[in-house]
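Report on the structure given below.
Just so you know, all these numbers are worked out from the coordinates, no wet-lab data involved. This structure is a prediction, so every number in the text was calculated from the model and none was measured. Glycine gets a Cβ as well: all are built from the backbone with ideal geometry, and neighbour counts include every protein chain shown.
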Amino acid sequence: MIKKWMFLIGAMGLLGTSQIHGQDAPSVMVIEAYSGKVLIASNSTQRRPIASLTKISTGVVAIDWANASQLDLAQVMITVPETVSRVGGPNPLQLQPGDQLSLRDALYAALLASDNLAALSIADHVGTEILRKRGKSGEPVVAFVAEMNRLAKALGMQQTRIGNPHGLEREGVKAYSTAADVARLSIYAMRRNAFNYIVRQKDRQISVMGASGRRQFVVRNTNELIQQKGVLGVKTGTTEAAGPCLSVCMDRDPLLRTKPDGTKGVTPRRLIVVVLNQPDRFSRARGLLTEGWDTYDAWLAAGAPVKDRKREIISVPMLE
């Protein structure tokens, strides 16, 4: 069984449209995840590269596949494919074709340390299994990326096109997203317990089995804000074309409120902050978290008014 969204091509509203731009003003989106209330937005629907924020989708697709297949992430062993030689860039795990590691450890490497080779290895394994399940042949990574784009469409990410599982720019491949779309993806991803658990870790020890035996590594979270109280993740990303990018999730304790009918209600609170092409991404995101909470609290105190739902509220489906 494969997740329903893997067959779903949705048509959902977005906060406007725009064209692809170069290195210009940053994009910002701040949203309260449970209500969908847009709190702060600037260039939020502008298409641009998002670098390793792409790996949020890589992780979600892999975790949804494992859940749908009733598989334990720690028990699924993946083999590093020959195609990792084409990725380039840092290789912190010293991955070589034929090496093996658990899907769980590969996710830690990809989502915490932003390891591009680990992301490609995840895509190769899961893509192979998806093709096998469907009785089809083809290129596994291409099949996996197709699922990433299906998920994006199902979530209403209408200004997003994913080109690969790691987020590096490739000549001739158009890949882009927006701050609003990354916020949608981040909301969905943080609903997944396994994803939520992985990206909130400060560091993690993982192991790789190679021709010379087992190698141990400690991978560390590239998100500097993970030290801040309430911050749960989500992901960093940087390339020359995308600039420094960041998606952050922060929870506060639920509010106990009295409803109009006199009954008590519990209001969960979660902020998603996305900044794209932001040189001081961590300090900017820290400021936006403070500003976002202040704006949300004021909105809630005023009775949570909504004048234009299409512009003020982003609804992210569950896709169960």
Would you please put 173-181, 275-283 in order of how densely packed they are, using the mean number of other Cβ atoms within 10 angstrom per residue and starting with the highest?
173-181, 275-283
Would you work out which of ALA113, PRO140, VAL173 lies farthest towards the positive end of the dipole of the chain, given +1 charges on the beta-carbon of Lys and Arg and -1 on that of Asp and Glu, about the Cα centre?
PRO140
Give a residue-ordered list of calculated ³J(HN,Hα) values for region 144-153 (Karplus: 6.51 cos²θ - 1.76 cosθ + 1.60, θ = phi - 60°; whole Hz; x for Gly, Pro).
5, 4, 4, 5, 4, 6, 5, 4, 4, 5
When the charge dipole of region 146-300 is computed with +1 at the Cβ of Lys and Arg and -1 at the Cβ of Asp and Glu, the Cα pointing farthest to the positive end, of ASN277, VAL266, THR238, is that of VAL266
Need the list of aspartates and glutamates near LYS174 for cross-linking: C-alpha distance under 17 angstrom, and skip anything on the same chain fewer than eight residues off.
GLU147, GLU240
Point-charge dipole on Cβ atoms (K/R +1, D/E -1) for the chain, about Cα centre, debye to 20:
660
When the charge dipole of region 144-252 is computed with +1 on Lys and Arg Cβ and -1 on Asp and Glu Cβ about the Cα centre, the Cα farthest towards its positive end, among THR160, ASN193, SER247, belongs to ASN193
What are the trypsin sites (Lys or Arg not before Pro) within region 194-246 that DSSP puts in a loop, where the Cβ has at most 16 other Cβ atoms within 10 Å?
LYS202, LYS229
Can you tell me the order of 64-75, 31-42, 111-122, 251-262 when each peptide is scored by its average per-residue count of other Cβ atoms within 10 angstrom, highest first?
111-122, 31-42, 64-75, 251-262
Based on the Kirkwood radius over alpha-carbon pairs, what is the Stokes-Einstein translational diffusion coefficient of the chain at 25 °C with 0.890 mPa s viscosity, in µm²/s?
123
Given the rule -39500 (n - 2.57) for each run of at least 4 DSSP H residues, summed and divided by the residues of the chain, what is its mean residue ellipticity at 222 nm, to the nearest 500 deg cm²/dmol?
-10000 deg cm²/dmol
Net charge (Lys, Arg +1; Asp, Glu -1) of residues whose beta-carbon lies under 13 Å from that of ASP24, ASP24 excluded, is +2
Among 289-298, 149-158, how do they line up by average Cβ neighbours within 10 Å per residue, starting with the highest?
149-158, 289-298
Taking amide H atoms as placed 1.01 Å from N in the peptide plane, list the residues 5 or more away in sequence, or in a different chain, whose amide H sits under 5 Å from that of ILE40.
VAL30
Convert each backbone phi in region 273-290 into a coupling constant with the Karplus relation 6.51 cos²θ - 1.76 cosθ + 1.60 (shift: θ = phi - 60°), then list the ³J(HN,Hα) values in order as whole Hz, x for Gly and Pro.
10, 10, 10, 10, 6, 10, x, 9, 4, 6, 5, 5, 5, 4, x, 5, 4, 5
Which entries of LYS133/LYS310; LYS55/LYS307; LYS55/LYS264; LYS55/LYS259; LYS55/LYS133 show an alpha-carbon separation above 31 angstrom in the structure shown?
LYS133/LYS310; LYS55/LYS307; LYS55/LYS264; LYS55/LYS259
Exposure proxy check: VAL28, VAL61 ranked by fewest other beta carbons within 10 Å?
VAL28, VAL61
Degrees, to the nearest 10: 54-68 long Cα axis against longest axis of the chain:
80
Would you list which aspartates and glutamates come within 17 Å of LYS235, measuring only between C-alpha atoms, while excluding same-chain residues fewer than 8 positions from it?
ASP105, ASP115, ASP181, ASP203, GLU224, ASP251, ASP280
